[in-house]
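S.K.: Pasting in a structure now, in structure tokens, and then I'll have a few things to ask.
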Amino acid sequence: MYLKELTLNNYRNYQSISLKFDSSRIMFVGKNAQGKTNILESIFLTCTGRSHRTPRDNELIRWGQDSCYIRVLVERRVGYNSIEVFLSLKDKKKIKINGVAIQKLGQLMGHFNAIMFSPEDLKLVKEAPSERRRYMDMEISQMKPQYFYNLQQYNRILAHRNNLLKEIGKNPGAKKMLPIFDEQLSEVGAFIIKHRYEFIDSLSKIAREIHWRISSRSERLDIKYRPSIRASSLDIEDIREKFFTALEKNKPEDVQRGSTGVGCHRDDIGFEINGVDVRIFGSQGQQRTVALSLKLSDVELMYRETGEYPVLLLDDVMSELDGERLKRLFEELGDVQVFVTATDLNSIPPLELEKFHIYEIEGGKVIKR
């Protein structure tokens, strides 16, 4: 996939810009708080329908305006996709693909794929399991839109079950409704767990090779899926039965607590370097490299799954990586179209810099060098 055009109207600090790209290497350079990240954010928004920085769409609309517009034109193997996103303070989000409005966000998945890497991605390694679950869900959904639908369904059923658990505390007779939600949750949850297992298994093999190269062949990275529900196989029926049994076993605690204690919403991922837990014992440099290896592995895995490389968005990673790791990063990019933000050009190897088309950004203005 190649991003050919980007149009922004009243998006963040941009009043109106229209950019055309004819290169696989694009760099936005400028001081902090000038709008570099906003451009990458807008690109990612057209892939997933959501910002990677905020769940509130109204924050994306330029101050003093009541709506904004984002459009991208993407070249694919079989033609072009035009994706338009309309955000308004007064109306629901609207998305069009090739001029046709979609009814559900899941319909957007797969039409334009991108992998975002930013300093915030250190949260993947360091912070709570919710960050790692969000990461899994976002990447799998881009490759397999059906996963996104099942995830939405799971969250709805989970919310209904949790509400019922709270109701049981007041009305014990409501307990008879629990088996209905347990059946539904375990059925949808089995699908999610199976696809998470397969995703992490494939990702781990690719990430091990990439991390080995980035770390100058000194570190072995292992990525492990840590599900709340453990099954003996990847058979959907086996996972479903284990899920249902776990819900039954945990029911007294769930009723007492008023929430569901086992399930996909409790899953996690573990990262180990040379057998040591990176989250607890890894240095900051190792944690950065793990996060980078993860994102580069996503690029390769998405290519293997879909037959097309996604666009890679690298936000301010130059300041996060030392010279050797930066060199290794550029060696891994291959044929992928890459958008990079930087505050200066000094940290970039001259031979690599020559490959980039550079845009200077200042106060929401974009000027091509």
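S.K.: By how many nm would the segment from Ser319 to Arg217 lengthen if fully extended, with 0.36 nm per residue of separation less the alpha-carbon distance?
M.R.: Taking 0.36 nm per residue and subtracting the Cα distance, the gain is 34.5 nm.
S.K.: Continuing with the same structure: Have a look at the stretch 13-115 and give its Rg and Dmax from the Cα atoms, expressed in angstrom.
M.R.: 13.9, 40
S.K.: Per residue, how much accessible area does the stretch 231-352 have with a 1.4 Å probe, in Å²?
M.R.: For the stretch 231-352, the solvent-accessible area averages 43 Å² per residue.
S.K.: Could you report the accessible area of Ser88 in Å², rounded to 10, computed with a 1.4 Å probe on the protein chains as they sit in the structure?
M.R.: Rounded to the nearest 10, that gives 40 Å².
S.K.: Right, next: Need the C-alpha centroid separation for the stretch 165-216 versus the stretch 253-280, integer Å.
M.R.: After rounding, the separation between the Cα centres reads 11 Å.
S.K.: Let me have the relative contact order for the chain, percent, based on Cα pairs under 8 Å that are six or more residues apart.
M.R.: That works out to 24 percent.
S.K.: Lys/Arg Cβ at +1, Asp/Glu Cβ at -1, dipole of the chain taken about the Cα centre: which of Val299, Leu313, Val188 is farthest positive-ward?
M.R.: Val188
S.K.: Going through the stretch 198-286, which trypsin sites (Lys or Arg not before Pro) have at most 16 other Cβ atoms within 10 Å and a DSSP loop state?
M.R.: Values: sites: Lys205, Arg208, Arg213, Arg217, Arg220, Lys224, Arg230, Arg240, Lys242, Lys249, Arg257, Arg266, Arg279; in loops: Arg217, Arg220, Arg230.
In loop regions of the stretch 198-286 (DSSP not H, G, I, E or B), the sparsely surrounded trypsin sites (Lys or Arg not before Pro) are Arg217, Arg220, Arg230.
S.K.: Å³ per residue of the Cα convex hull, for the chain?
M.R.: Dividing the Cα hull volume of the chain by its residues yields 154 Å³.
S.K.: If you don't mind, there's one more thing I want to ask. Let me spell out the model: positive unit charges on the Cβ of Lys and Arg, negative unit charges on the Cβ of Asp and Glu, origin at the Cα centre of the chain. What dipole size does that give, in debye rounded to 20? Can you show the working numbers first?
M.R.: Details: 58 positive and 52 negative charges, 190 e Å.
For the chain, the charge dipole is close to 920 debye.
S.K.: Return the aspartates and glutamates within reach of Lys92: Cα separation strictly under 19 angstrom, same-chain partners fewer than 8 residues apart disregarded; answer none if there are no such residues.
M.R.: Straight-distance partners of Lys92: Asp57, Glu59, Asp66, Glu84.
S.K.: Considering the options Thr46, Trp63, Gly30, tell which one lies farthest towards the positive end of the dipole of the stretch 6-70, charges being +1 on Lys and Arg and -1 on Asp and Glu at the Cβ, about the Cα centre.
M.R.: Gly30
S.K.: Something else: Check each of the trypsin sites (Lys or Arg not before Pro) in the stretch 89-140 and keep only those in coil by DSSP with at most 10 other C-beta atoms within 10 angstrom; list them in order.
M.R.: Filter output for the stretch 89-140: Lys90, Lys92.
S.K.: Ok, one more. Two decimals is fine: what's Rg over Rh for the stretch 246-369, C-alpha atoms, Kirkwood radius as Rh?
M.R.: Rg/Rh: 1.14.
S.K.: Cut-off under 23 Å on the C-alpha distance; same-chain residues fewer than 8 positions from Lys205 excluded. Which lysines are left, in chain and number order?
M.R.: Lys123, Lys126, Lys144, Lys194, Lys224, Lys295, Lys327
S.K.: Here's another thing I want to ask about it. Can you give the Kirkwood hydrodynamic radius of the stretch 112-268 from its Cα pairs, in Å with one decimal? Don't jump to the answer; show the numbers that get you there.
M.R.: Values: mean 1/r = 0.0584 Å⁻¹.
It works out to 17.1 Å.
The values are calculated or read from the model by the stated rules, or taken from the named source; none is laboratory data. Computed from a predicted structure; not experimentally measured. We place every Cβ from the backbone using ideal geometry, glycine too, and count neighbours over all the protein chains shown. The area values use the complete protein model at the heavy-atom level, side chains included, leaving out ligands, DNA and RNA. Shrake-Rupley method; radii C 1.70, N 1.55, O 1.52, S 1.80 Å.
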